[in-house]
Amino acid sequence: MFFYELLWALSGVERMFLWSVLFGMLIGFIGIGGWMFMFRFHPDTSKVNFKIYYIQLFFAHIIFSLTALAVYLFL
């Protein structure tokens, strides 16, 4: 939540659906990059379906971003 608050503060954009989805996508790509980096150094990742995992991770960040927007708008 800290980084979403920081993104909203630094970008100066209004908290709305479109920007929330875009922020979720941005953070999703950053998260995928971080996990790709970590998996590269793990000795046993043979059972992980990376494509499915990264797709799920990407959409989870968008859902989190939309949930954060809803909390800000309705509370």
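Limited to segment 1-41, what total is found for residues that are of a type outside the set (A, V, I, L, M, F, W, C) and assigned to a loop (DSSP other than H, G, I, E, B)? Can you show your working first?
First, pick out the residues of segment 1-41 that are of a type outside the set (A, V, I, L, M, F, W, C): 4-5, 11-12, 14-15, 20, 24, 28, 31, 33-34, 40.
Next cut, assigned to a loop (DSSP other than H, G, I, E, B) only: 12, 14-15.
Counting residues in segment 1-41 that are of a type outside the set (A, V, I, L, M, F, W, C) and assigned to a loop (DSSP other than H, G, I, E, B) gives 3.
Out of Ile55, Ile27, I need the residue that is of a type in the set (Val, Ile, Thr), within 27 Å of Tyr72 (Cβ to Cβ) and at pLDDT 95 or above. Which one? Outline the logic, then answer.
Details: Ile27 fails: at pLDDT 95 or above.
After applying the criteria, what remains is Ile55.
The values are calculated or read from the model by the stated rules, or taken from the named source; none is laboratory data. These numbers were taken from a predicted model, which means no experiment stands behind them. Virtual Cβ from ideal backbone geometry, glycine too; neighbours counted across all protein chains shown.
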